[in-house]
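Here it is: the structure, laid out below.
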Amino acid sequence: MTEVPVPAPTPTGVDAVDRVLDLVAGLADRPLAEHAGVLEAAHADLRAALDTPPGSAPNAAP
């Protein structure tokens, strides 16, 4: 099977979302055993970003 390169995520302008996109984009370089934990953290960080009023800093892990 031929691997197709995945382009870098396009910045959204929302720092919390961009951090999650970068984290998920790096999954290919991590062991499979770490994928679930990374995706769970990404989900939690995205929920925190959605729960935060615009202009406020989300309560998410760096």
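Values quoted throughout were computed directly from the atomic coordinates according to the rules given, and no laboratory measurement underlies them. Everything quoted here is computed from the prediction, not taken from an experiment.
State the label only: which of (i) 12.3; (ii) 12.8; (iii) 11.4 corresponds to Kirkwood radius over Cα pairs in Å computed from the shown model?
Recomputing Kirkwood radius over Cα pairs in Å here picks out (ii).
Moving on to the next point. For the chain, modelled as a Gaussian network with Cα springs under 10 Å, which listed residue fluctuates most, A33, A42, A25?
A33
Taking 0.36 nm per intervening residue step and subtracting the Cα-Cα distance, what contour gain separates L39 from A25 on full extension?
Working it through step by step, the gained length comes to 4.0 nm.
What value, in deg cm²/dmol to 500, does the helix sum -39500 (n - 2.57) over DSSP H runs of n ≥ 4 give at 222 nm once divided by the residues of the chain?
Mean residue ellipticity, 222 nm, calculated: -16500 deg cm²/dmol.
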